[in-house]
Amino acid sequence: MNLKLRLIILNFLQFAVWGAYLTSMGNYLGAVGLGSKIGLFYAMQGIVSIFMPAIMGIIADRWIPAQKLLGICHLVAAVFLAAAGYYGMTSGSNVDFSTLFSLYSVSVAFYMPTIALSNSSAYGILVSNGFDTIKAFPPIRTLGTVGFICAMLFVNFAGTLDGQFSISFTGDKNFLSFQNNYNQFFVSAILGLLLFLYSFTLPNVPISNNKEKKSLSDALGLKAFALFKERKMAIFFIFSMFLGVSLQITNGYANPFITSFKDIPEYTNTWGANNANALISLSQVSETLCILLIPFFLKKFGIKKVMLMSMFAWFLRFGLFGLGDPGSNVWMFILSMIVYGVAFDFFNVSGSLFVDKETSPEIRSSAQGVFMMMTNGFGATLGMLVAGEVVNHFVFSKTDIIEQLKGWETSWYIFAIYALIIGILFAIVFRYKHSPEDAKNITH
């Protein structure tokens, strides 16, 4: 099989595993009475992202080839996620938080390192076979997002009807979609097991022959924290954390919010209320397309303005959720999905480029690790814990569906105002001079 095709399959499965439950798990948790715990489940992804990728990175450097460790991690993650699905299946609506959360936590602790391991495996295989990673890898990685979208659509349209497996595109009232129950965990686990088996068919990625092994401190990028002594870098990293607060909020709460409209007679039979995951998948489509726009915007406007576009896009992302509905105002939901690509991509790519330009080669990789730690680690964790408190107060503390919908609206407006304030402060505090040459330095 063509080497690039093999790596495309790797990336497709890698992100399909995640897409099977990331945007729909909140819906299942709400259905079994754990809506108030959604924030904790999604915060766990951020917590394990702080240290698990570094630990697995050291193991891959020293003892186990990256592609094999990738498979082993997927095996462990799949086993525990399948156990979570089995527990949900046998427990019905009597799901114990501590049991489900424990199984899920172990699973996600072993899944999150696989994102970096799949990248390093692909890089190593490409380099060993004489490919230019800068040119060869981006199209391969793009198919990972396609895998994420396909998994989302599958758990949306797959389900059971009268006890039999079925596919429905209309939202039959008797159709039980996988996006609303424990079956999404089984789908993810099956994909994870497939990737476990597939990873052992990949070319070997040699472990490092460098006798100077990195310590855990080095792997965590702790030396790069010295960059906080520089005012410009300190401001950037702090705002990275503040922006990271927004990253997981819609992953956790968009699906249960949109699905809740089914309890309102006016929206019961609307396509959007019955196919929330499919609607949300437009966000990932936008994410894929917006990557192509980044070079133009960086060259035209510069790093700071592109970052500000991202922050304003988060304001629109949340605000449009508050204004929209799956009926006559479904266009607001669709527009919210479209701006997500700008919100997510523009800051991540331009921020990574800023770090690359402003740090010396010897700590550049560690500095990128700090950037990811501040956004996807500390920021996303803090964001989900705080968002959980907001949604619990305004939504899940209410029993009347009308009051809950008003609570959702209030919550989205709070998130939108937060994003707007962060954007305004960033515009005032962060100083950076635009150079048209910035776009030429993009390496992904």
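The values are calculated or read from the model by the stated rules, or taken from the named source; none is laboratory data. Here the structure is a predicted model, which is why all the values come from computation and not from measurement. Here the Cβ positions follow ideal geometry from the backbone for every residue, glycine too, while neighbour counts run over all protein chains shown. Note: areas computed on protein heavy atoms with side chains; ligands, DNA, RNA excluded. Shrake-Rupley method; radii C 1.70, N 1.55, O 1.52, S 1.80 Å.
A single member of L293, L289, L298, L243 is over 25 Å from Y413 (Cβ atoms) and surrounded by 24 or more Cβ atoms within 10 Å (Cβ to Cβ), and it is L298.
Selection of region 230-261 for residues being aromatic (F, W, Y) and over 21 Å from L323 (Cα atoms) yields F236, F237, F239, F242.
Listed conditions (1) surrounded by 22 or more Cβ atoms within 10 Å (Cβ to Cβ); (2) at pLDDT below 95; (3) within 30 Å of T381 (Cβ to Cβ) are all met by K214, apart from (1).
Among the conditions (1) out of contact with any strand residue (DSSP E or B) (no Cβ under 8 Å at 6 or more places or on another chain); (2) among the polar types (S, T, N, Q); (3) open to solvent by 20 Å² or more (accessible area, probe 1.4 Å), S118 misses just one, which is (3). Does L202 satisfy being open to solvent by less than 30 Å² (accessible area, probe 1.4 Å), hydrophobic (A, V, I, L, M, F, W, C) and either more than 30 Å from Y413 (Cα to Cα) or modelled with pLDDT of 95 or more (or both)? Considered against the rule, which asks whether it is open to solvent by less than 30 Å² (accessible area, probe 1.4 Å), hydrophobic (A, V, I, L, M, F, W, C) and either more than 30 Å from Y413 (Cα to Cα) or modelled with pLDDT of 95 or more (or both), L202 comes out as yes. Here N329 meets the list (1) over 17 Å from the mean Cα position of the chain (by Cα); (2) over 30 Å from G33 (Cβ atoms); (3) open to solvent by 10 Å² or more (accessible area, probe 1.4 Å) almost entirely, failing just condition (2).
Within region 73-100, can you find the residues that are closer than 13 Å to L193 by Cβ and β-branched (V, I, T)? Selection gives V76, V79. Within region 243-292, which residues are without any contact (Cβ under 8 Å) to a residue 60 or more places away in the chain and over 17 Å from the mean Cα position of the chain (by Cα)? Those that are without any contact (Cβ under 8 Å) to a residue 60 or more places away in the chain and over 17 Å from the mean Cα position of the chain (by Cα): K262, P265, L292.
From the list G71, G33, the one residue that fits, being touching a residue at least 40 places away in the same chain (Cβ under 8 Å) and buried (at least 18 other Cβ atoms within 10 Å of the Cβ), is G71. I'd like the residue in region 395-412 that is of a type in the set (G, A, S) and assigned to a helix (DSSP H, G or I) and, out of all such residues, is farthest from the chain's Cα centre (by Cα). Step by step, filter region 395-412, then rank; the result is G407. Within region 168-181, residues that are acidic (D, E) have Cβ atoms under 9 Å from residues that are at pLDDT 90 or above in these pairs: D172/S166; D172/N274, counting only partners at least 6 apart in sequence or on another chain.
Checking the structure you have, find out if any residue of region 287-297 is closer than 24 Å to Y28 by Cβ and at pLDDT below 95. Let's see the steps before the verdict.
At the first step, the residues of region 287-297 found to be closer than 24 Å to Y28 by Cβ are 287.
Now narrow it down to the ones that are at pLDDT below 95: 287.
The answer is yes; a qualifying residue exists.
So which residues in region 368-408 are small (G, A, S) and surrounded by fewer than 23 Cβ atoms within 10 Å (Cβ to Cβ), if there are any at all? Working first, answer last.
Step one: list which residues in region 368-408 are small (G, A, S), which gives 369, 377, 379-380, 383, 387-388, 397, 407.
Once the filter is applied, which keeps residues that are small (G, A, S) and surrounded by fewer than 23 Cβ atoms within 10 Å (Cβ to Cβ), region 368-408 yields S397, G407.
Only one entry in T359, T268, T288 is out of contact with any Ser or Thr (no Cβ under 9 Å at 6 or more places or on another chain) and among the polar types (S, T, N, Q), namely T268.
Taking the conditions (1) farther than 26 Å from A387 by Cα; (2) modelled with pLDDT of 90 or more; (3) open to solvent by less than 10 Å² (accessible area, probe 1.4 Å); (4) not aromatic (F, W, Y) in turn, G221 satisfies each one other than (2).
Among the residues of region 374-395, those that are at pLDDT 95 or above and either touching a His at 6+ places or on another chain (Cβ under 7 Å) or of a type in the set (A, V, I, L, M, F, W, C) (or both) comprise L382, M384, L385, V386, A387, V390, V391, F394, V395. Here A84 passes the criteria (1) within 21 Å of G383 (Cβ to Cβ); (2) surrounded by 24 or more Cβ atoms within 10 Å (Cβ to Cβ); (3) modelled with pLDDT of 95 or more except the one numbered (1).
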